[in-house]
Amino acid sequence: MTHEPRGTKAPESRLCHVRTLLHPTRVTLVLDADCRSNSQPHKTLPRQHSPSKKAVNGESSPKSKKRRKMADAGGITKTWIKKHIILYTGATRHPFTVRIRDGSIDPSAFKRWLAQDYVFVREFVPFVASVLIKASKQSPEDMEVVLGGLASLSGEIDWFKREASKRDVSLANLTVHNATRNYCRLLEKLTLPEVEYAVAITAFWAIEAVYQESFAHCLEDGNNTPPEFVEACQRWGSPGFREYCRSLQQIANRCLEKAPEHVVAAAETTFITILEHEIEFWNVSSGGT
Ligand SMILES: Cc1ncc(CN)c(N)n1
């Protein structure tokens, strides 16, 4: 499957037609007639066109005023979380992680997740490396935050190998599920040099934030997380990882405030697409194909 440059449909018009159906083990996304179905390619890359000078300078259009308001309200990404709260909750409170938290997780579901996420993380490395290259051209501070994330992936890959061997999960000759393959293809597209930094850093933040929120919930008060899964939850649910995600979010907000309208629109579409992919990915872990 290849991803074409994104279409012209505004994210707002798509999202008002999205519903999620909750089921004990999976979250189903339902898109109405004028939205694409789940099986169609995701369109996330910015269209190549020249924005007007006003849009570039972000000066006086009603949209740029709206953006300034969003910045004052705690950042554009925060307003997107609120705007797309159904999808966001679908990704961050998925039955898979909720079951880890309440202790009812099937160990075979955890093993399935482990193997698929190992595949994902290996593909995540070149994506993060591409964000690092883009960050290095923006600011030394951004570069250091992204470099920290990239460096930690080496330990993460080792952790997956150790966990797999502890749990008798073979990482050789894995069957890669469609949801994993599709998500990896999205990462590949987002790795391209022509993807704007604002879009790439927003994607990076969203990917990390879903795991942070999901696994932090498994450690919050009232949890019944079985001891054998606590280490996994701490990997992404720790205060340190939360701080790192906040730094990514601040970088994304800063870039989005300065970006032309078409890049902001592309970043929002990418944010939505990532939430959809995260849900599909959890669904596989919960027993889907
Ligand atoms: C699918 C997925 N999403 C996010 C992460 C966190 N890096 C991950 N490991 N896997």
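Per-structure values
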read-out	value
Total residues in the stretch 177-193, condition in a loop (DSSP other than H, G, I, E, B) and surrounded by fewer than 14 Cβ atoms within 10 Å (Cβ to Cβ)	2
Residues that are more than 13 Å from the ligand (Cβ to nearest atom) and in contact with a Phe, Trp or Tyr (Cβ under 7 Å, 6 or more places away or on another chain), drawn from the stretch 191-232	THR191, THR202, PHE229
VAL284 vs. criteria closer than 25 Å to THR28 by Cβ, within 13 Å of the ligand (Cβ to nearest atom) and more than 15 Å from the chain's Cα centre (by Cα)	yes
Any chance ARG181 is among the charged types (D, E, K, R), farther than 19 Å from ILE100 by Cβ and away from the ligand (no atom under 15 Å from the Cβ)	no
Residues located in the stretch 241-269, provided they are within 14 Å of the ligand (Cβ to nearest atom) and either under 18 Å from TYR88 (Cα atoms) or small (Gly, Ala, Ser) (or both)	ARG242, CYS245, LEU248
Test: residue in the stretch 206-221 that is within 16 Å of VAL128 (Cβ to Cβ) and among the charged types (D, E, K, R)	yes
Qualifying positions in the stretch 211-231 - assigned to a helix (DSSP H, G or I) and of a type in the set (A, V, I, L, M)	ALA216, VAL230
Those residues of the stretch 81-118 which are over 14 Å from VAL284 (Cβ atoms) and either of a type in the set (Asp, Glu) or in a loop (DSSP other than H, G, I, E, B) (or both), in sequence order	HIS84, ARG93, ASP102, GLY103, SER104, ILE105
Which listed residue is surrounded by 20 or more Cβ atoms within 10 Å (Cβ to Cβ) and either more than 16 Å from the ligand (Cβ to nearest atom) or in a helix (DSSP H, G or I) (or both), from ASP168, ASP142	ASP142
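Residues are listed down the side, and each one gets a yes or a no for (1) in contact with an Asp or Glu (Cβ under 9 Å, 6 or more places away or on another chain); (2) in contact (Cβ under 8 Å) with a residue 60 or more places away in the chain:
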residue: ASP221; (1), (2): no, no
residue: GLY237; (1), (2): yes, no
residue: ASN253; (1), (2): no, yes
residue: GLU261; (1), (2): no, yes
residue: THR270; (1), (2): no, yes
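Condition check ((1) away from the ligand (no atom under 15 Å from the Cβ); (2) without any contact (Cβ under 8 Å) to a residue 60 or more places away in the chain; (3) not polar (S, T, N, Q)) across all residues:
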position: SER104; (1), (2), (3): yes, yes, no
position: VAL119; (1), (2), (3): no, no, yes
position: LEU150; (1), (2), (3): no, yes, yes
position: TRP159; (1), (2), (3): no, no, yes
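Any read-out appearing in this document is the output of simple, stated calculations on the displayed coordinates, not a laboratory observation. None of the values given here were measured: they were computed from a predicted structure. Cβ: placed from backbone, ideal geometry, glycine included. Neighbour counts: every protein chain shown.
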